[in-house]
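See structure below.
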Amino acid sequence: MKEDRRLRNLRYQMRKKGYQFDTKNLVAIMPSHDKRSLLQERRLSKFGFSIQYNMFEQ
């Protein structure tokens with residue numbers, strides 16, 4: 001099944017900011033705090049993704 005264009009574009013924009021994705025479990029791992037985008041996180045949650053803190057950030 002073809003992925004929704006809006007979701008694909010959103011994930012591309014967020015990967016450029018440092019987010020990491022696990023599409024199997026629908027989880028997005030946050031980057032450092034200075035690169036977070038709350039608006040994009042809200043849009044991503046509408047597609048069923050949950051946001052997870054990066055516990056191994058240095």
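The values are calculated or read from the model by the stated rules, or taken from the named source; none is laboratory data. Keep in mind that this is a model prediction, so the values were computed, not measured. Note: ideal-geometry Cβ built from the backbone for every residue, glycine included; neighbour counts use all protein chains shown.
Could you check region 19-37 and list, in sequence order, the residues that are in a loop (DSSP other than H, G, I, E, B) and either closer than 14 Å to residue 7 by Cα or in contact with a strand residue (DSSP E or B) (Cβ under 9 Å, 6 or more places away or on another chain) (or both)? Result: 19, 23, 25, 26, 30, 31.
Scanning region 32-49 for residues that are under 11 Å from the mean Cα position of the chain (by Cα) and surrounded by 11 or more Cβ atoms within 10 Å (Cβ to Cβ) returns 36, 37, 40, 41, 43, 44, 45, 47, 49. Among the residues making up region 27-50, those that are under 13 Å from residue 10 (Cβ atoms) and either modelled with pLDDT under 90 or not basic (Lys, Arg) (or both) are 28, 37, 39, 40, 41, 44, 45, 47, 48, 49.
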